[in-house]
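The values are calculated or read from the model by the stated rules, or taken from the named source; none is laboratory data. Model, not experiment: these values are computed from the prediction. Here the Cβ positions follow ideal geometry from the backbone for every residue, glycine too, while neighbour counts run over all protein chains shown.
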Amino acid sequence: MRHFFLKLFRRRKLEQDLETELAFHREMGGNLGNTTLIKEQAFDLWRFTTLENLWRDVVYGIRGLRRHPSLVATALISLTLGIGANTALFSLGVEFLLSEPTVTDGRSLVYIRFNGNSHADRKSFDMALDSHVFADIVGEHEESFVNYNNGVETRPIFSTFTTKNFFTTLGIPMQQGRGYSVSDPDQVVVLHHHFWTQHFNADPNIVGKSITLDGRPYTVLGILPRNFRTLVGFGFSPDVYVPAFLENTYLAVYARMKPGMNLSQAQAASDAIAKRIDETRPAAQRDQHPSALVDAVSGIDRLKGEQVLVLAAFFLVLLILAGLVLLIACANVASLLLARASTRQREIAVRLSLGASRARLMQQLLVESLLLSLTGAACGLGLAQLLNNALSHMTAPTPIPMRLTAESDWRVTLYAMLLSIVATVACGLLPAWQCVRESFTHDTRSTARMFLRRAVVVGQVAVSIVVLSTGFLFVRNLLRTSSLSPGFDLQHTLQSQVNLPPANYKEQTKIALFADRAVNALAALPGVEAAAAARIIPFTDSTTYGSSLYFNGKDQPLHARFNWNAITPAYFQAMSIPLVAGRTFLQSDATAPELPVIVSTGFVKQYLQVQPAAAVDQTFYWGEPVRTATGAQPSQRRAFRIIGVAANTKNMTIGESESPQLYEFLPTIRDVRDRLRFVVKSATPPATQLKAVDEALRRVEPNAGIETRTMFASIGFAFLPSQIGAAVLGSMGVLGLLLAMIGLYGVMAYSVARRTPEIGVRMAIGASASSIFKLILSDAGRMVALGAAIGIVIALLATRPLASFLVDGLPPHDPVTFLAVLVVFAITAALASLGPARRATAIDPMSCLRHD
Amino acid sequence: MPKAPNLLQGTLDLLILHALQRGSLHGYAIAQTIHLLSDEVLKVEEGSLYPALYRLELDGAISATWGLSENNRKAKYYQITRKGRKALEEQNQNWTRLSSAVQRVLSRES
């Protein structure tokens with residue numbers, strides 16, 4: 001091999017040497033005989049021949065393809081779309097699932113969940129830190145908000161609170177400045193690149209200046225690089241990083257293992273820490289088997305857990321479907337090349353009889369398709385890059401900031417190369433093989449080629465049925481989703497997120513007071529029909545409780561799981577959620593001996609099994625009785641009374657089935673939190689009220705971070721998965737259908753041309769135009785029917801894993817979808833074969849007969 | 001990636017290597033040497049000599065340098081390498097074994 005390359009570069013010199021040597025020999029009186037043969041043998045020896053042949057094939061291939069610009073254009077468009085779609089999806093999948101966090105030596109990092117809790121309290125964190133089994137431990141609280149004041153107004157921004165050793169221990173590179181360290185003061189901040197460019201116009205002098213967060217000056221220490229990837233992954237990217245100096249911050253625990261430590265040792269060490277943490281707790285709250293969950297942060301080990309598996313499955317399905325579309329595109333190109341092969345019949349036959357080897361001819365034909373698919377892959381890679389660039393400038397409209405910076409790295413390029421090789425084989429092998437094989441069997445060639453082309457079409461139809469039915473399934477999913485109601489009014493409502501300055505709002509009474517004043521201020525606005533405060537707006541957040549409820553003084557608890565919310569009285573009115581029974585909260589309820597709650601119809605149906613009206617006035621205790629030495633002390637438990645039953649709403653996804661809900665009265669809850677939401681129902685279009693609502697809230701608390709959006713804008717992302725699914729899969733289905741129909745048209749047109757004499761004879765002996773028409777259509781019909789039958793069977797199997805992406809009540813084997821796909825297919829197939837069929841009926845029998 | 005030499009090719013290789021044992025020679029001289037040493041029985045076809053030389057060079061059994069011939073012309077001189085000597089020894093043994101075996105067969109009556 002080394003010789004090969006050496007000689008390759010010295011080829012000219014070798015040739016000259018050879019000439020000189022042979023000339024010398026001749027001069028000395030030697031008789032050389034066939035000089036050319038010697039040269040050829042020497043060249044063969046130096047392996048120039050293979051290379052030269054290849055080069056000749058490339059040149060010949062380019063020349064040949066240049067003569068068929070329409071073929072090249074069709075093939076390139078098909079391949080570019082096919083490979084581009086595949087590569088873009090692949091790079092997105094790689095970025096989403098396989099991207100590594102931007103840290104130094106991610107392999108030695110582990111994520112520890114003590115007793116299965118995603119976040120540990122400060123005491124547990126400190127115990128883990130003090131154990132010194134790990135090289136170092138950092139903590140972060142990802143989903144935090146701080147109020148950022150840009151000099152004009154205050155807005156909540158997404159921040160991550162971390163321990164101060166976060167940047168130094170993880171070894172996070174900085175674009176500018178530095179990360180904070182243990183020796184820094186509390187009020188420092190590190191900006192994410194996107195926040196820096198959006199809010200500071202990428203000001204290069206920002207480092208060292210201070211910005212206002214939560215009403216206090218924070219010094220900017222550094223800026224993270226543009227492609228910084230967080231420990232959490234999945235494109236999660238907060239706006240700023242701030243040291244978590246507050247006492248009550250819960251932290252996700254990440255530990256750097258000591259050199260030589262492996263995962264199982266880390267597991268054992270963490271279990272020991274979990275045990276010690278558990279021992280500090282009161283006896284009643286102790287765990288039976290204290291343990292810790294230890295997970296790798298980088299590498300393939302990160303991809304555990306059900307959620308990730310579902311996502312991975314989704315990407316896999318997307319990739320497979322995109323691969324199928326590419327296959328259809330390849331089948332088209334193969335069909336075109338097959339047609340072209342028939343025009344070179346004579347050329348191939350002559351070359352074979354002159355002694356060209358079949359392998360040599362195959363090589364030449366394959367080089368042609370390699371040229372096509374390599375060009376297609378290059379264009380496809382470009383297309384994928386364009387798509388990715390467009391994507392990386394977008395923020396997913398999810399409640400948690402997500403940005404994917406997909407880049408064409410070596411994996412993506414490799415994938416595109418692989419695709420192009422697959423495409424070469426898929427496009428070229430069949431025509432090339434057919435071409436070379438045929439040349440000796442003259443009488444059967446036409447039938448054989450026709451059979452092959454028909455087989456290709458049947459395959460195409462089958463594959464595109466699969467792609468189309470998947471696409472259609474998701475379009476139907478989207479339609480179903482859009483027609484689904486979330487259970488509350490999206491069109492006439494606005495919602496505000498308000499982050500109160502934490503220092504001034506430490507008690508629930510203060511927060512409730514603010515809520516009261518704010519609701520009054522909002523209700524007084526012109527055009528506002530109702531206003532209410534709530535802890536949670538469905539879809540933007542969810543708090544589910546799994547609790548034991550002791551109903552009507554029973555000893556046996558009811559283990560209930562429900563979505564929780566805390567609201568003010570006008571919530572149901574503002575959200576247009578009907579009250580089915582009972583009443584909403586009254587201000588006087590705040591001091592009632594039994595705390596009032598409102599439950600949803602779903603709650604009543606699932607847990608009480610009575611009519612909604614019968615649920616009203618039922619009472620229950622929430623939580624386990626606190627056992628002391630003297631036995632149960634029910635007086636320490638809180639008693640609740642159901643005062644009303646409201647209609648169900650959706651909470652997490654639009655497609656979910658009815659889940660139980662429980663509302664508490666905002667002033668009565670014990671859980672203090674300085675984040676509140678407000679809902680406003682407006683008689684005028686909600687977008688016109690944005691400013692008024694914003695200002696009204698600011699007047700009540702000037703230091704709060706406030707973000708007001710229309711309800712539709714703020715929960716639009718709930719429709720996102722089905723929209724993305726429908727858009728991507730639907731367009732792929734259409735693309736597949738289109739490609740398959742082009743293939744069908746080509747084959748039918750060719751078949752009609754081939755059968756012209758036959759049709760002429762038929763017409764001459766009395767066949768009517770309509771019977772010829774029928775003949776051609778039924779020919780096409782047979783191919784489509786066979787392909788469709790195969791396709792439906794595969795599609796039924798292939799769509800089964802998609803069940804988890806579809807809304808309730810839409811099974812993957814949805815008969816409407818498959819029926820519709822068949823109808824669509826039948827119509828388009830009829831359209832595709834109509835042209836050739838018409839042409840067949842227009843054949844003049846006389847000219848046909850004379851021709852033969 | 002040497003091709004498996006057939007008997008004739010193998011013999012030519014052996015002869016070339018043998019001719020080069022005593023010192024470097026150019027292509028024409030190699031042919032002459034073989035011709036003379038065989039008492040003018042063997043005549044090396046030039047058409048097979050040069051390809052054989054290039055193959056041996058590619059295999060590393062011989063090396064080549066450009067020099068001046070006795071009549072002051074630029075000529076390519078071939079030398080045997082250590083690898084070539086080893087090959088020569090091996091092929092020599094093979095040849096002896098083969099030819100004596102053939103001889104034995106032919107000298108006996110069937």
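Some points to look at:
- Among (1) buried (at least 22 other Cβ atoms within 10 Å of the Cβ); (2) modelled with pLDDT under 85, the one test that A:Phe245 misses: (1)
- Qualifying residue in the range B:80-99 (condition: under 23 Å from A:Glu19 (Cα atoms), touching a residue at least 12 places away in the same chain (Cβ under 8 Å) and within 14 Å of chain A (Cβ to nearest Cβ)): no
- Only residues that are at the interface with chain A (Cβ under 10 Å from one of its Cβ atoms), without any contact (Cβ under 8 Å) to a residue 24 or more places away in the chain and hydroxyl-bearing (Ser, Thr, Tyr) were counted in the range B:50-74, giving 2.
- Criterion applied to A:Asp301, A:Asp278 was being at pLDDT below 80, loosely packed, with under 14 Cβ neighbours inside 10 Å, charged (D, E, K, R) and in a helix (DSSP H, G or I), and the one residue passing it is A:Asp301.
- Count of the range A:209-225 residues which are in a loop (DSSP other than H, G, I, E, B) and under 24 Å from A:Leu500 (Cβ atoms): 2
- Within the range B:63-85, the set of residues being part of a helix (DSSP H, G or I) and surrounded by 12 or more Cβ atoms within 10 Å (Cβ to Cβ) comprises B:Lys83, B:Gly84, B:Arg85.
- Criterion: in contact with a strand residue (DSSP E or B) (Cβ under 6 Å, 6 or more places away or on another chain), loosely packed, with under 14 Cβ neighbours inside 10 Å and within 27 Å of A:Ile157 (Cα to Cα) - qualifying residue of A:Ala687, A:Ala683: A:Ala687
- So A:Leu109, is it under 30 Å from A:Val333 (Cβ atoms) and modelled with pLDDT of 80 or more: no
- All positions within the range A:790-834 that are without any contact (Cβ under 8 Å) to a residue 12 or more places away in the chain, under 25 Å from A:Leu316 (Cα atoms) and either out of contact with any helix residue (DSSP H, G or I) (no Cβ under 9 Å at 6 or more places or on another chain) or part of a helix (DSSP H, G or I) (or both): A:Val793, A:Leu797, A:Ala803, A:Pro815
- Subset of the range A:647-677 that is of a type in the set (D, E, K, R) and assigned to a loop (DSSP other than H, G, I, E, B) - its residue that is surrounded by the most Cβ atoms within 10 Å (Cβ to Cβ): A:Lys650
- Breaking point among (1) more than 21 Å from A:Pro156 (Cα to Cα); (2) at pLDDT 80 or above; (3) under 39 Å from the mean Cα position of the chain (by Cα), for A:Thr509: (3)
- A:Leu738 of a type in the set (A, V, I, L, M, F, W, C) and either touching a Ser or Thr at 6+ places or on another chain (Cβ under 6 Å) or farther than 30 Å from A:Ala462 by Cα (or both): no
- Among helices (runs of 4 or more DSSP H) entirely within the range A:1-90, having at least 3 residues that are within 11 Å of chain B (Cβ to nearest Cβ) and at pLDDT below 80 singles out A:2-9, A:11-27, A:35-45.
- When B:Gly47 is tested against (1) assigned to a helix (DSSP H, G or I); (2) in contact (Cβ under 8 Å) with a residue 12 or more places away in the chain; (3) under 18 Å from A:Gly29 (Cβ atoms), just one condition goes unmet, and that condition is (2).
- Unique residue being at pLDDT below 75 and either surrounded by 19 or more Cβ atoms within 10 Å (Cβ to Cβ) or closer than 13 Å to A:Ala462 by Cα (or both) when the list is A:Val728, A:Val793, A:Val747, A:Val752: A:Val747
- One residue stands out in the range B:21-44 among those that are part of a helix (DSSP H, G or I) and of a type in the set (S, T, N, Q): the one that is farthest from the other protein chains (Cβ to nearest Cβ), namely B:Thr33.
- Answer from A:Ser124, A:Ser210, A:Ser144 - the residue that is closer than 27 Å to A:Asn703 by Cα, surrounded by 15 or more Cβ atoms within 10 Å (Cβ to Cβ) and either without any contact (Cβ under 8 Å) to a residue 12 or more places away in the chain or among the hydroxyl-bearing types (Ser, Thr, Tyr) (or both): A:Ser144
- Count of the range A:745-766 residues which are of a type in the set (Lys, Arg) and assigned to a loop (DSSP other than H, G, I, E, B): 1
- Which listed residue is within 20 Å of A:Phe488 (Cα to Cα), modelled with pLDDT of 75 or more and of a type in the set (D, E, K, R), from A:Arg677, A:Arg699, A:Arg670: A:Arg677
- Test set (1) in contact with a helix residue (DSSP H, G or I) (Cβ under 9 Å, 6 or more places away or on another chain); (2) free of Cβ contacts under 8 Å to residues at least 12 places away in the same chain; (3) not aromatic (Phe, Trp, Tyr) - A:Gln265 fails condition number: (1)
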